[in-house]
Amino acid sequence: MVRTEAARRLRGRWAALRRGMAEYYAGPYRQMLAREQRDEDDLFALVVLGEALGVPDPAAYYSAELMPLVADDFHRWHRRMGMPRSPLDSMTCC
């Protein structure tokens, strides 16, 4: 019983150390990492919605399956891209 309690405390300390080290290394770059993630998501949305926007896409058959994933964030995406209204006739959100 004593060993189990000591092991639990040790695991808790390791977890706290791990969280602290992650914060130490990623903390100063959090805003940059979030911006890069947003840019990557925007590129993904452009690739998925490319065929619907009129851009020829050789993999349109495969990217059509991913449209439901992009549909949730579509309004914020087209606003970030500088389009005041939805460019798609099938997806009206404004």
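What to note about this one:
- One decimal place: the segment ASP72-GLN31 gains 12.5 nm when fully extended, by the rule 0.36 nm per residue minus the C-alpha distance.
- Segment TYR62-ARG85, length gained on full extension (0.36 nm per residue, minus Cα span): 5.6 nm
- Under the combined filter of DSSP loop state and at most 15 neighbouring Cβ atoms within 10 Å, the stretch 20-94 retains these trypsin sites (Lys or Arg not before Pro): ARG85.
- The chain: C-alpha pair distances exceeding 17 Å, %: 65
- Just the protein heavy atoms count here, and of the accessible area of the chain at 1.4 Å, carbon and sulfur take up 59 percent.
- Residue-span extension gain [ASP42 to TRP14] - 0.36 nm each, minus C-alpha spacing: 6.4 nm
- Rounded accessible area per residue of the stretch 1-87, 1.4 Å, Å²: 83
- Placing +1 on the Cβ of every Lys and Arg and -1 on the Cβ of every Asp and Glu, with no other charges, gives the stretch 9-94 a dipole of roughly 940 debye about its Cα centre.
- Farthest positive-ward along the chain dipole, Cα basis, beta-carbon charges - from ALA16, PRO87, ALA45: ALA16
- Packing-based ranking of 50-56, 12-18 yields 50-56, 12-18, ordered from highest to lowest mean Cβ neighbour count within 10 Å.
The values are calculated or read from the model by the stated rules, or taken from the named source; none is laboratory data. In this text, all values refer to a predicted model and were calculated from it rather than measured experimentally. Note: ideal-geometry Cβ built from the backbone for every residue, glycine included; neighbour counts use all protein chains shown. Keep in mind that these areas ignore ligands, DNA and RNA; they rest on the heavy atoms of the full protein, side chains included. Shrake-Rupley method; radii C 1.70, N 1.55, O 1.52, S 1.80 Å.
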